[in-house]
Amino acid sequence: MLRDLLARLGARWQALAPVQKALVVLGGAALLATLFYLGNLAFAPRYVPLVTRLDPETAGAVVDQLKAMKVPYRLADQGNTVLVPEKQVYEARMKLASSGVLTGGGKGFELFDQTKLGVTDFVQQVDYQRALQEELRRTIVQLEEVEQARVHLVLPQKSVFLERQTPPSASVVLKLKPGRELQPEQVRGIVSLVAGSVEGLKPENVHVIDTRGRVLFEEAGPEGAVAGQALRQQQVKREYERELEKRIQAMLERVLGPGKAVAMVTADLDFSQQETRTVTPTPGAVVSEQTVTERSEGGAGPGGVPGTATNIPGTPTYPAGTTGGGGTYSRDETVRNYQVGTTEQKTVQPPGTLRRLSAAVVVDGNPDPVQEQRIRDVVAGAIGFDANRGDQITVSGMTFDTSLQRQMEEEAAQAEAARRERERRQLMLAAAGAGAFLVVLLLALLVRFIRARRRATEEEAEEEIITPVRVEELARVQEEERPPEVDAKQQSLRDLAREKPEEVAEIIRVWLAEE
């Protein structure tokens, strides 16, 4: 059967015209290419990220481990991201984590899982320091904002002499995720973690910086504390200024349009804490009252009261009233004691009081004086302008340089055009594959139609060949080969074939078709 099928196919191939052969070959090639492309798309595994943002050393260790595990992989993002098939990502991640590759290449306290003989105290101390550094690093990278971290500890050897004992210190380097920042309380939490994990380590001996060289925490004694406080005050001042700038910028962009104005604010804040106490006396109620009344009558005439007190120089005397020719003395004295009341008022002025505010606004173009005054008025209302405080607002008009913005817009437009071009090529490739598939399908239908027409033509030719002449020849041959004992029925059939050859030929064609 296979040989007959191949022979038929070879015969039909030889019967095709050269143009038809070329079309069949091209259609077959297009069909194979389409099937290969669609097969790759349908059956190729989908790769997803296994680990991202790797340093070259860790990426190499991950790749070596994947090769040992015989897991297919791909590299992306300039080798910083490793992709694996989606079905194997979780299993590969667990195996890498258990092997210690994803921990950054360091080992924690698992360094002491195996007992080593002949280890000196120095080597054991170094291993302990390495393990502690790695354990602290693993804990710090659990923060959502931290991508990578390095911890360096300085653990001096203990001495029996207290004056020779050096305090330990620590340094932490943080690599933050793009667009993320650590809050001050988070930095203090890291410092507290490190200081609490090392014996004798004080928070002022812990230094925290990021990969951009910014000091996030550094307090070394009183000077460091003062410097840290000054830094926090500057941060508060800048946050306050930035908030006012955002308010002014948002308002001006709604009025003038995006990119038409720039605002800068400078705030003079008083961070000194002042406490004022005011004591005010108030009249009180009468506690006691004493009244003294003295009167005397005599002929001595006007004069003082007899006695020693009146004869001593400098002693006060009281006037005495006189009546007629005789002397009369009288004295009235009242003494009252009051309860003195006081009112005490204590006023505490918190740090960060605004002393003066200055704002500068630059507008694109050359605004007229009326527009400048309107801008000055709206800015004054936005920032809480106070002339008594000495606040100042400056509005200027200048032509902005937008060359960099135009360049960035052009680059963005080019990137968008390139993306659209890639999408168009992908669509064209998919359309070409679909078109090739349709062409192959049409060619197959055309070949089938040609074969059907050829088969119909051959059947018509065979019907034309079977003529009454052939019927008569067939009857004659049968008559010659017939034995002498032919009965009357055969003779009648022969006579019928002579008389009605067309009908007999039709009957024979039906028999041949059935066979």
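Points worth noting:
- Residue match in segment 120-128 (condition: at pLDDT 80 or above and more than 22 Å from Ser197 (Cα to Cα)): yes
Residue-by-condition table, conditions (1) of a type in the set (S, T, N, Q); (2) over 25 Å from the mean Cα position of the chain (by Cα); (3) over 24 Å from Gly213 (Cβ atoms):
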site: Gln125; (1), (2), (3): yes, yes, yes
site: Val141; (1), (2), (3): no, no, no
site: Glu144; (1), (2), (3): no, no, no
site: Pro156; (1), (2), (3): no, yes, yes
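- Selection status of Val82, outside any loop (DSSP other than H, G, I, E, B) and in contact (Cβ under 8 Å) with a residue 40 or more places away in the chain: no
- Number of positions in segment 121-157 that are surrounded by 15 or more Cβ atoms within 10 Å (Cβ to Cβ) and in a strand (DSSP E or B): 7
- Meets criteria (modelled with pLDDT of 70 or more and part of a helix (DSSP H, G or I)) for Arg476: no
- For Gly10: the one exception among (1) open to solvent by less than 60 Å² (accessible area, probe 1.4 Å); (2) under 36 Å from the mean Cα position of the chain (by Cα); (3) more than 22 Å from Gly433 (Cα to Cα): (2)
- Counted residues, segment 20-51 - those being more than 30 Å from Pro178 (Cα to Cα), touching a residue at least 40 places away in the same chain (Cβ under 8 Å) and either among the small types (Gly, Ala, Ser) or open to solvent by less than 70 Å² (accessible area, probe 1.4 Å) (or both): 8
- Here is the figure for segment 341-391: residues that are closer than 30 Å to Thr291 by Cα and surrounded by fewer than 10 Cβ atoms within 10 Å (Cβ to Cβ) total 1.
- Qualifying residue in segment 160-172 (condition: under 19 Å from the mean Cα position of the chain (by Cα) and over 16 Å from Arg212 (Cα atoms)): no
- Spans of strands (runs of 3 or more DSSP E) in segment 332-413 with at least 3 residues among the aliphatic types (A, V, I, L, M): 353-364, 392-398
- Residues located in segment 251-283, provided they are surrounded by 12 or more Cβ atoms within 10 Å (Cβ to Cβ) and without any contact (Cβ under 8 Å) to a residue 24 or more places away in the chain: Glu253
- Conditions (1) of a type outside the set (Ser, Thr, Tyr); (2) out of contact with any strand residue (DSSP E or B) (no Cβ under 6 Å at 6 or more places or on another chain); (3) open to solvent by 50 Å² or more (accessible area, probe 1.4 Å); (4) at pLDDT 50 or above: number failed by Ile312: (4)
- Matching option when the condition is open to solvent by 90 Å² or more (accessible area, probe 1.4 Å) and either touching a helix residue (DSSP H, G or I) at 6+ places or on another chain (Cβ under 8 Å) or not in a helix (DSSP H, G or I) (or both), among Leu75, Leu54, Leu96: Leu75
- From the options Gly213, Gly224, Gly189, residue that is at pLDDT below 85, more than 16 Å from Leu153 (Cα to Cα) and open to solvent by less than 50 Å² (accessible area, probe 1.4 Å): Gly224
The values are calculated or read from the model by the stated rules, or taken from the named source; none is laboratory data. Here the structure is a predicted model, which means the values were calculated and not measured. Glycine also receives a Cβ, built like all others from the backbone with ideal geometry; neighbour counts cover every protein chain displayed. When the accessible area is computed, the model is the full protein with side chains, heavy atoms only, and any ligands, DNA or RNA have been set aside. Shrake-Rupley method; radii C 1.70, N 1.55, O 1.52, S 1.80 Å.
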